[in-house]
């Protein structure tokens with residue numbers, strides 16, 4: 001498990017460094033946000049790498065625990081299917097409704113069934129992201145709504 005975290009951390013550092021190097025060539029105003037995001041990815045990669053390295057040194061990981069740990073391939077296939085449907089629904093319906101349905105369906109597939117929390121959270125996240133993209137970033141989405 002910790003070897004995977006170590007690889008993830010190193011990969012995040014590489015991804016953040018590569019994207020930061022690319023975005024340094026963009027003028028300051030349009031490149032500010034991508035530079036910040038790249039720096040955050042690198043910083044989180046460093047944190048993940050350090051934590052995984054410390055845990056890897058202090059504990060011995062047994063071979064039995066590194067096998068597939070309750071991976072439900074059916075759930076993974078369902079979520080991939082949800083993303084494909086979301087892609088096409090996003091093009092024709094818009095943003096808010098497909099995003100709400102994606103969050104709800106994914107959570108239900110992962111067996112999170114506290115509906116009193118799930119439905120308002122999914123609604124708030126989809127509406128808040130829509131407002132952020134349209135009002136803050138001035139993006140227009142395709143679709144009916």
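Taking the stretch 100-138 as the range and being outside any helix (DSSP H, G or I) and within 19 Å of residue 85 (Cβ to Cβ) as the test, only 110 passes. Residues in the stretch 15-42 that are loosely packed, with under 15 Cβ neighbours inside 10 Å and either touching a residue at least 24 places away in the same chain (Cβ under 8 Å) or in contact with a strand residue (DSSP E or B) (Cβ under 6 Å, 6 or more places away or on another chain) (or both): 15, 40.
Which of the following residues is at pLDDT 90 or above, assigned to a helix (DSSP H, G or I) and in the same structural domain as residue 19 (by TED's automatic domain parsing): 81, 45? When all the criteria are applied, what remains is 45. Only one of the listed residues (122, 128, 132) is under 20 Å from the mean Cα position of the chain (by Cα) and within 21 Å of residue 79 (Cβ to Cβ). That residue is 122. Scanning the stretch 90-107 for residues that are touching a helix residue (DSSP H, G or I) at 6+ places or on another chain (Cβ under 6 Å) and closer than 12 Å to residue 141 by Cβ yields 90, 95, 96, 98, 99.
Listed conditions (1) modelled with pLDDT under 90; (2) out of contact with any helix residue (DSSP H, G or I) (no Cβ under 8 Å at 6 or more places or on another chain) are all met by residue 18, apart from (1). For the subset of the stretch 113-145 comprising residues that are surrounded by 13 or more Cβ atoms within 10 Å (Cβ to Cβ) and under 22 Å from residue 32 (Cβ atoms), which member is modelled with the highest pLDDT? Out of the qualifying residues, it is 129. Whether a residue is at pLDDT below 85 and out of contact with any strand residue (DSSP E or B) (no Cβ under 6 Å at 6 or more places or on another chain) was assessed, and residue 54 does not pass this test.
The values are calculated or read from the model by the stated rules, or taken from the named source; none is laboratory data. Worth saying up front: this structure is predicted, and the values here are computed from it rather than measured. Neighbour counts are summed over all protein chains in view; Cβ atoms, including those assigned to glycine, are modelled from backbone coordinates with ideal geometry.
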